[in-house]
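None of the figures in this text is laboratory data; all of them are computed from the coordinates on show. Note that the coordinates shown come from a computational prediction; the quantities given were computed from them, not determined experimentally. All Cβ positions, even for glycine, are placed from backbone atoms using ideal geometry, and neighbour counts span all protein chains on display.
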Ligand code: ADP
């Protein structure tokens, strides 16, 4: 028998075992069963190849082609299902196209059996081989595509290994055919396919792709184990066997028992030892965690902090499962804020887990130590209560999928001790006791840094609340001012109509004038109240009249209206529109109101004349984050806005104009935030201001609404209520979303 035949037989048996082991683990999961189907097909092909080589029967040679023809669809079905798993996140796609080719291959084989044995002809074999290997390379290509699409760095590296390994294994399997064409070539493809299938089967058991180090560890364990078992077998059979035929069978039985009894403990011992040794050599954890701890100094946002810690833990590859829990607002429990690996529960109730939390508050929990403590207490009834408490802590720690749980402690003290702000749970499920004291110290420092971030965030939120209250006060003062002025005028006029003796004065020429003042001032009051209500109502009119809007058309309409207003008399209005601007979802009339307000404000900031540039562009990001945005920018060459005023622009009733209402920008900002957008302001005193409106874009589609005739609005806004004011000198970039209510 030649080497190729033997290697085919070995490959068939090993791959069969790998497939069976996966199936034994789980027979309900689609990914598992489709992997087994793939492995069994490969195994069947190897087995037929072996028989064909050993016996040389043409029928078996023909039979071997059936499993070969079945390899591509089973492979593609498995890999697509595998890549679509949540941990990798690829799209779901069935192997439809391949199935058509498979049917063609089957038909060819049937034709070959019934009509004419074409399967021995080279012109059949080459396209047939191309189909089989093409199908396999297709799987590699799918993995490559997934590699390009995966955003997470760690997963990316793993999918890349998987694709690369697949490519090498398939290519080497292909070179196994070289001897048939007279080229001398060692058979190495089988060994690699076995390794590769083993690698994938291990990956299936782990909820995530294993990395190279882990695989090396696994192989080392397996290799040592095989050698050990082999030695035990050999020893028993050669020493005790004594060569007698009948005894051989009995000895094999005894040897198998010995091995089975030894197998579990030996494997665990080896696995832990080798993994620990392998893992210890990697200093990634400390380096990565120290780096993130330094980064955290500049972080205030809690979500950002959690994301950074989780990513760092994942990238350190020292931890297979990790989670961060944070105290909720009313202190009733802890919510999971971030995690990777096997997901622990969403929430930890403070009353249910009280004993556990009290323990964590005092210092970190180590599952190994807890277990040891539990065992040491023994069955002595005197310790029953303590043992129960420890058992509860162990269960809780296991539920958190943790080997170590660290407290995030605040500096403030409570009755029960330090204030527990959150928990950090970590585990390495590859080896028990994988973390040494240095590692534990690193985690502890990380946890305390995280607690600092949470505390400074709370302080920051406090400042924000103060700002909000200050803005509210400012608004109230503005509103009072708006109401008092007309009230004063009304009172003055009324007093003149009453006269010093308390009786109504005789109607004279001034009477009509005074009454006119009263009516005018009451109208003004009414106007203030109406606009304030507009502002208050702006929050509730959400989805009203929302359609697809062509922003360029809205801008054109605004410019038309601006030209009609007397504020724009000495102003050069330059308009630049981006023809490819994507549509947005919204209310065109409300947008005209906003743009007109920004345009008129700009004109009023240039009493001596100047240029107002209005432009639209596509943007990939705004302060709201990344995405498609349509930006509309109003840049004037006016007097600009002083730094201290910049912060107050969007507070209702903030105005620097003698007859301004200070509601224009506040209302505009509301409208834009209802559109999911934002307004940004930049200004340099003496040089001008830029107001940018960012609106989230819709994907380009069919019906686009343009603003219809809306002249009334324009006239209302353009009325000479606004007086330009003179600003002082500074520059700043400001966020525009201070909200005063
Ligand atoms: P109003 O125009 O009634 O004062 P707004 O809310 O529209 O109310 O504007 C508030 C204030 O913002 C204005 O009083 C003005 O001081 C300032 N402002 C707005 N736009 C500009 C601009 N383009 N240049 C300079 N200052 C501006």
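Structural remarks
- When 286, 524 are arranged by Cβ crowding within 10 Å, least crowded first, meaning fewest neighbours, the order is 286, 524.
- Debye-formula intensities of segment 414-532, expressed as log10 I(q)/I(0) at q = 0.16, 0.21 Å⁻¹, are -0.93, -1.14 (one equal scatterer per alpha-carbon, no solvent).
- Fewest-first ordering of 484, 682, 30 by other beta carbons within 10 Å of each residue's beta carbon gives 484, 30, 682.
- Label separation (residue 113 vs residue 181): 3.0 nm, computed from points 7 Å beyond Cα along the C-beta direction.
- Among beta bridges that DSSP assigns inside the chain, antiparallel share in %, nearest 5: 90
- Taking max minus min of the alpha-carbon positions on each principal axis, segment 33-188 gives extents of 52, 34, 26 Å, largest first.
- The chain: angle of helix 551-564 to the longest principal axis, Cα-based, in degrees nearest 10: 10
- Gain on full extension, evaluated as 0.36 nm per residue between residue 520 and residue 438 minus their Cα-Cα distance, stands at 21.6 nm.
- Here 366, 321, 572 are placed in order of increasing Cβ neighbour count within 10 Å, fewest first, which gives 572, 366, 321.
- Relative to the longest principal axis of the Cα atoms of the chain, helix 588-604 runs at roughly 60 degrees.
- With the helix formula -39500 (n - 2.57) applied to DSSP H stretches of n ≥ 4, the chain reaches a computed 222 nm mean residue ellipticity of -20000 deg cm²/dmol.
- Nearest-0.05 FRET efficiency for residue 369 and residue 472, computed from C-beta distance (R0 51 Å): 0.45
- Between helix 302-316 and the chain: long-axis angle, C-alpha atoms, 0 to 90°, nearest 10: 20
- With kT/(6 pi eta Rh) evaluated at 20 °C and eta = 1.002 mPa s, and Rh the Kirkwood radius from Cα pairs, segment 1-122 diffuses with a coefficient of 136 µm²/s according to Stokes-Einstein.
- q = 0.22 Å⁻¹, segment 293-404: log10 I(q)/I(0) [Debye, one scatterer per Cα]: -1.28
- Projected label distance in nm at residue 33 and residue 620, using a 7 Å step from Cα toward the beta-carbon: 4.5
- Residue 377-residue 264 FRET efficiency (beta carbon distance; Förster radius 35 Å; 0.05 resolution): 0.85
- Between residue 164 and residue 84, the C-beta separation translates, for a Förster distance of 25 Å, into a calculated FRET efficiency of about 0.75.
- Values of log10 I(q)/I(0) for segment 592-678 across q = 0.11, 0.17 Å⁻¹ run -0.34, -0.82, by the Debye formula with one identical scatterer at each alpha carbon and no solvent.
- Alpha-carbon Rg/Rh ratio, for the chain, with Rh computed the Kirkwood way: 1.15
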